[in-house]
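These notes concern the structure reproduced below.
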Number of protein chains: 2
Amino acid sequence: MRNAFHDELDAIGASLLQMAGLVKLAMSDATLAILTADLTVAEKVIAADTVIDDIQHDLDARTINLMARQQPVASDLRTLVTSLRMSADLERMGDLADHVAKQARMRYPNSAVPAELIPTITAMGSVADKLIDKLSSVMEHRDTVRALEIENDDDEMDKLHRDLISVLLSKEWNYGVETAIDMTLLGRFYERFADHAVSIARRVYFSVTGEYSTN
Amino acid sequence: MRNAFHDELDAIGASLLQMAGLVKLAMSDATLAILTADLTVAEKVIAADTVIDDIQHDLDARTINLMARQQPVASDLRTLVTSLRMSADLERMGDLADHVAKQARMRYPNSAVPAELIPTITAMGSVADKLIDKLSSVMEHRDTVRALEIENDDDEMDKLHRDLISVLLSKEWNYGVETAIDMTLLGRFYERFADHAVSIARRVYFSVTGEYSTN
């Protein structure tokens, strides 16, 4: 039976999806900003991060309020606790997009990414975009098949991260230590972004099946 | 009036303190392992991380179970939600100690840290130790004065992190890109460790005062 409680639960789900949409936009803009040294786009990402933070604060307050008023039973309570955790992961993914954009801004008007690494960072951006797209679908449709796929996409991100490090360590690397430091951190931001996507996908998988994913 | 509910709440607080104690030991051992290239200590930290993870899983299950059974009112509910968040931060701090130990293991039998950076990493380890010590006291005694001090200690960590980067960028840096990559990540692990300590301190501050700390 539908009731006001479930309407509020749906509204919380919708806010999580809204957060995921903003995180997707933030990371794809941040990737664009760092690949093209576009200061305007970088500033847009940095400004938008406070919007994501505000949605999280509001969402968490509503979630806790709903717990207090409705005293939900086991499965609904678990959904609400999971919402709190998913909003924390999404907020952190927004921070990581913000870090990418700040690196673009720090090196502007120069390009932060040397030519040799443009293909790798482009690919990391694509995987990040694919991950968050799939994640939105997993969250919206409680899609366990796609939830499992996200772990494979994360393997792809880890491989790209290893590729990036091997470029930094190759004899052909002529950009010195400063750019190597930047690229190490940049790679880490994408890698952690993917880790948080996996974390959310696992929570959805667990909340649907009652089991932990094993791959 | 004391009752079974408050006994369970106390037990949850005790488990959080136990986690903090294990995280303190993990990070101080990890620092020792990386400064002295001690493989045995590194392996100990890596093995102990699953203990921290297990305590978190158990603690979170007890916390959610308590929410479901006791249907706590506003302030008690807020305490339980805060516990879930604090356990997530502590678990992540354990991961970061594990990452430090894994870097020591990866470079063994060589020392991961070049001589020029021994003082900086030693200092980062000391600040991490001071932070987690203070944090335990903040958690145990709901000490808002020390909660605010933790933000200053975090500034100290950020300064050490900048010092570390400036050594990597100095003309005297003779260790090449690979060691610079390692040291960049190592610095980031300590910096994030401190960030999570600040996050927990802010939660305690908010839960005691009802206000966000402003410094």
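FYI, it's all coordinate maths here, none of it is from the lab. These figures come from a predicted structure and were not determined experimentally. Here the Cβ positions follow ideal geometry from the backbone for every residue, glycine too, while neighbour counts run over all protein chains shown.
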What do you get for Rg/Rh over chain A if you use C-alpha atoms and the Kirkwood form of Rh?
1.04
Expected max-MSF residue from A:Ser111, A:Ser15, A:Ser166 in the GNM of chain A (alpha carbon, under 10 Å) is A:Ser166
For a footprinting-style exposure proxy, rank A:Arg146, A:Arg85 by other Cβ within 10 Å, fewest first.
A:Arg85, A:Arg146
Cα Rg, Dmax, segment B:109-163, angstrom units
13.8, 44
Ratio of alpha-carbon Rg to the 2.2 N^0.38 Å globular estimate for segment B:88-204, to two decimals, please.
1.12
Multiplying the sequence separation of B:Ala115 and B:Asn3 by 0.36 nm and subtracting their Cα-Cα distance, what value in nm do you get?
34.7 nm
Which one of A:Ala180, A:Ala101, A:Ala115 has the biggest mean-square fluctuation once chain A is modelled by GNM with Cα springs under 10 Å?
A:Ala115
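Averaged over peptide A:160-172, how many Cβ atoms belonging to another chain are found within 10 Å of each residue's Cβ?
The per-residue average across the peptide is 1.
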Separation of segment B:88-137 and segment A:42-90 by C-alpha centroid, Å?
32
Exposure proxy check: B:Val81, B:Val208 ranked by fewest other beta carbons within 10 Å?
B:Val208, B:Val81
Going from the fewest other Cβ atoms within 10 Å to the most, one would list A:Thr63, B:Thr179 as B:Thr179, A:Thr63
Decide, for the protein assembly as shown, between rounded, prolate and oblate: order the square roots of the alpha carbon gyration tensor eigenvalues as a ≥ b ≥ c, take rounded if a/c falls under 1.5, and otherwise choose prolate if a/b is larger than b/c, else oblate.
oblate
